[in-house]
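A short worksheet on the structure shown next.
The values are calculated or read from the model by the stated rules, or taken from the named source; none is laboratory data. These figures come from a predicted structure and were not determined experimentally. As a convention, Cβ positions derive from the backbone with ideal geometry for all residues, glycine included, and neighbour counts pool all protein chains shown.
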Amino acid sequence: MQEHSDLMRGLGRTIAFVPTMGFLHEGHLSLIRKGRELGDNLIVSIFVNPAQFSPGEDFESYPRNLDRDFELAQKEGADVIFIPDGKELYPRNFQTYIELEKLPNHLCGISRPTFLKGVATVVTKLFNLVKPHIAVFGEKDYQQLIVIRRMVRDLNFEINIVGVPTLREPDGLAMSSRNSYLTPEQRINALCIYKSLKKAQELLEGGVNDAASIINAASGLIKSNEGTNIDYISICDPETLADMETINRPALMALAVKMGETRLIDNMILNPE
Ligand code: AMP
């Protein structure tokens, strides 16, 4: 991988990189298209990163379909599909990790304490292997995106991080590889996640600007659907992720909800204007 990238850099080509865990859907493909637009050489990685899963999470059962992913990524114009080997990325006695001090103390970092450390570490490793000029990430995983932006600034990576808006199913559910876990009934009920974000924006437009009332309404809407279990609903500063009490400037509303065993996340910027 590094030899390829050295060669491309030697030829003056711009390398765009899209890291994924595979089981590609339209959301991933929109990132790949953005990468295709921005770089001369487009590299897509597929790696289900064990370091970002805690024991008891879905590392083993995470959906995988390399043949289909390969075809889709190639069709969208990927020049290289990089599928690193887990044992090579994490050899015996591996012991160096990247940890951020503050951003993981919010949102998903609370219920998934090793998740962002695993993400920051694998993304650093992939950056060192792929040597991209540009890397593309989805706003769907908002906290992940800002953790990577912070890390790139803090550690002086010479990489331009590009965010891409969340792609949704026609009814509004954010696309996710994990949607494949949902039963037909859960799939219908999962719509309440997006509906709760829309409801929040509506309330705000109607003049309700205190975060607690909006969270309360969103939570009520979600709980009225069977089989839902709220992990968190937060209205917070889009940069620091610190809770906001009053929405008097753009705020991030982010939530994680379990539909049975399947944990789904979504977010939206609430804009008082
Ligand atoms: P994953 O394979 O879930 O690790 O995701 C790989 C990349 O795709 C990440 O940067 C995600 O934020 C992004 N992504 C996942 N779902 C979506 C979506 N529905 N819309 C846009 N980007 C997404």
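Going by what's in this entry, would residue 163 be described as surrounded by fewer than 19 Cβ atoms within 10 Å (Cβ to Cβ), closer than 15 Å to residue 267 by Cβ, at pLDDT 95 or above and not aromatic (Phe, Trp, Tyr)?
Numbers: surrounded by fewer than 19 Cβ atoms within 10 Å (Cβ to Cβ): yes; closer than 15 Å to residue 267 by Cβ: yes; at pLDDT 95 or above: yes; not aromatic (Phe, Trp, Tyr): yes.
Against the criterion (surrounded by fewer than 19 Cβ atoms within 10 Å (Cβ to Cβ), closer than 15 Å to residue 267 by Cβ, at pLDDT 95 or above and not aromatic (Phe, Trp, Tyr)), residue 163 qualifies.
Take residue 152 and decide whether it is within 12 Å of the ligand (Cβ to nearest atom) and β-branched (Val, Ile, Thr). Spelling it out, it is not the case that residue 152 is within 12 Å of the ligand (Cβ to nearest atom) and β-branched (Val, Ile, Thr).
The criterion of at least 3 residues that are without any contact (Cβ under 8 Å) to a residue 24 or more places away in the chain is met, among helices (runs of 4 or more DSSP H) falling completely within the range 1-109, by 2-10, 66-75.
Within the group 178, 187, which residue is within 14 Å of the ligand (Cβ to nearest atom) and closer than 24 Å to residue 62 by Cα? Talk me through it step by step, then tell me what you get.
Details: 187 fails: within 14 Å of the ligand (Cβ to nearest atom).
Being within 14 Å of the ligand (Cβ to nearest atom) and closer than 24 Å to residue 62 by Cα holds for just one of 178, 187, which is 178.
Condition first: exposed (fewer than 15 other Cβ atoms within 10 Å of the Cβ), of a type in the set (Asp, Glu), more than 11 Å from the ligand (Cβ to nearest atom) and in contact (Cβ under 8 Å) with a residue 24 or more places away in the chain. Can you find one or more residues in the range 190-206 that meet it? Walk me through it before giving the result.
Here is the first cut: in the range 190-206, the residues exposed (fewer than 15 other Cβ atoms within 10 Å of the Cβ) are 191, 198, 202, 205-206.
Going one step further and asking which of them are of a type in the set (Asp, Glu), we end up with 202, 205.
With the extra rule that they be more than 11 Å from the ligand (Cβ to nearest atom), the set shrinks to 202, 205.
So of that shortlist, the ones also in contact (Cβ under 8 Å) with a residue 24 or more places away in the chain come out as none.
No.
At least 2 residues that are among the aliphatic types (A, V, I, L, M) and in the same structural domain as residue 254 (by TED's automatic domain parsing) in each: list the helices (runs of 4 or more DSSP H) lying fully within the range 132-235 that qualify. Outline the logic, then answer.
Values: elements: 142-154, 184-189, 191-205, 211-223.
Fully inside the range 132-235 and qualifying: 191-205, 211-223.
Take the conditions (1) surrounded by 19 or more Cβ atoms within 10 Å (Cβ to Cβ); (2) without any contact (Cβ under 8 Å) to a residue 40 or more places away in the chain; residue 136 misses just one of them, which is (2). Within the range 26-40, one or more residues are within 16 Å of the ligand (Cβ to nearest atom) and of a type in the set (Ser, Thr, Tyr). Restricting attention to the range 1-24, the residues that are out of contact with any Leu (no Cβ under 8 Å at 6 or more places or on another chain) and either of a type in the set (Lys, Arg) or near the ligand (Cβ under 8 Å from one of its atoms) (or both) total 4. Contact map, the range 169-188: first residue more than 18 Å from residue 23 (Cβ to Cβ), second residue within 13 Å of the ligand (Cβ to nearest atom), Cβ cut-off under 6 Å, separation 6 or more or different chains; pairs are 172/194.
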